[in-house]
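S.K.: Below you will find the structure I want to go over with you.
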Amino acid sequence: MTEVAQGKALAALVNLILVLADNKYLLGRRLSQWCPGGPSLESSVAAAALAQEELGHARALYPLLEEMPVTEAPVPLQRGNERARRYAVSFLDEPLPTWPHVVAALALIDPALTVMFNALRECAFDDLRKRAARIPGEEAFHRKYADGRVRDLARTDGGRAELQARVDELLPEMLCWFGPDGERGVEELKAEGFLALDSAGLRAAYVEDIGPVLGAAGIELHADDLPWDRWNQLQRRIA
């Protein structure tokens, strides 16, 4: 790790790694819970494959916390020992109750994580940079699968309405996830060479990424008034 990470950007870097790992872990867990209950055999098999990769990414990220010069590294989430304080979006707190919830998670949460990893490709922390360079490529199948499921749901009025409701529920939290414009921790990470984009740049890249597929499926993105009053900056989630 570079010396700069031991300065003012250290706390922000530790928090970012924990946030990425927790979201990966919980997304993997929620997908794994659909392995026996997908709407088709293909969906169940795909959920298993996706879950395995998400959990694998989490397992690759958590050890980075042990490399940080902190008094006590955060404890990784793991089955049977899932700490109460989670650094992941609230949408993943509980098992996803319907298939449109799963599709919304794949269509909105996974791309947000990929945007962040892309912004870490030139990260000054070598081990994080190596992981950030690898993970987006492994997400290609996730994205292709998610886009297909969005189109599947949107083929009927009922399916499109269900997905629209889930997008309306989740999108504000995901737009907040990148932090308010000018957020101190993100600015410090960018200034110290860990992150390529600031909060506004990350959010713009995210909307540009998810907008075309959702728009083509007739799903509108409504997020004019973000719930910053309920935003937990440390845990990156809506309270």
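S.K.: Rounded to the nearest percent, how much of the accessible area of segment 16-73 (1.4 Å probe, protein heavy atoms only) is carbon and sulfur?
M.R.: Carbon and sulfur: 55 percent of the exposed surface of segment 16-73.
S.K.: May I pose another question? Can you give me the Rg/Rh ratio for segment 142-233, using Cα atoms for both radii and the Kirkwood formula for Rh?
M.R.: That ratio equals 1.05.
S.K.: Go through 75, 48, 206 and say which Cα lies farthest out towards the positive end of the charge dipole of the chain; charges sit on Cβ, +1 for Lys and Arg, -1 for Asp and Glu.
M.R.: Farthest towards the positive pole: 48.
S.K.: If you roll a 1.4 Å probe over the heavy atoms of the protein chains, what accessible area per residue do you get for segment 134-193, in Å²?
M.R.: Value returned for segment 134-193: 46 Å² of accessible area per residue.
S.K.: I'd like the accessible area for residue 208, computed on protein heavy atoms only with a 1.4 Å probe and all protein chains in place. Round to 10 Å², please.
M.R.: The accessible area of residue 208 comes to roughly 140 Å².
S.K.: Please compute the modelled spin-label separation between residue 121 and residue 204, points set 7 Å along Cα→Cβ, answer in nm with one decimal.
M.R.: 1.8
S.K.: Can you tell me the convex hull volume per residue for segment 95-152, based on C-alpha atoms, in Å³ to the nearest whole number?
M.R.: Given the Cα convex hull of segment 95-152, per-residue volume reads 76 Å³.
S.K.: Taking K and R as +1 and D and E as -1, what net charge do the other residues with C-beta under 13 Å from the C-beta of residue 149 add up to?
M.R.: Net charge around residue 149: +1.
S.K.: In whole percent, and with a 1.4 Å probe on the protein chains, what portion of the accessible area of segment 150-239 is carbon and sulfur?
M.R.: After summing per-atom areas, the C and S share lands at 48 percent.
S.K.: Ignoring solvent entirely, what values of log10 I(q)/I(0) come out of the Debye formula for segment 59-172 at 0.14, 0.15, 0.23 Å⁻¹ when each Cα is a single scatterer?
M.R.: -0.74, -0.83, -1.31
S.K.: Before rounding to the nearest 500, sum -39500 (n - 2.57) across all DSSP H runs of length at least 4 in the chain and divide by the residue total; then give [θ] at 222 nm in deg cm²/dmol.
M.R.: Rounded to the nearest 500, it is -18500 deg cm²/dmol.
S.K.: Leaving out ligands, DNA and RNA but keeping every protein chain, what accessible area does residue 123 have, in Å² rounded to the nearest 10, with a 1.4 Å probe?
M.R.: About 0 Å², rounded to the nearest 10.
S.K.: To continue, here is another question. Once the dipole of the chain is set up with Lys and Arg at +1 and Asp and Glu at -1 on Cβ about the Cα centre, which of 179, 238, 141 lies farthest towards its positive end?
M.R.: Farthest towards the positive pole: 141.
S.K.: Regarding the chain, what are the three Cα extents along the principal axes, ordered largest first, in Å?
M.R.: Largest to smallest, the principal-axis extents are 55, 38, 31 Å.
S.K.: How far, in nm, would the chain grow between residue 234 and residue 156 when pulled straight, counting 0.36 nm per residue and subtracting the alpha carbon separation?
M.R.: Result for the pair: 24.1 nm of gain on full extension.
The values are calculated or read from the model by the stated rules, or taken from the named source; none is laboratory data. Treat the numbers as computed from the prediction; the structure is a model and nothing was measured. When we count neighbours, we look across all protein chains shown, and the Cβ atoms used for this are built from the backbone with ideal geometry, even at glycine. Quick note on the areas: whole protein, heavy atoms, side chains included, nothing else; ligands and nucleic acids left out. Shrake-Rupley method; radii C 1.70, N 1.55, O 1.52, S 1.80 Å.
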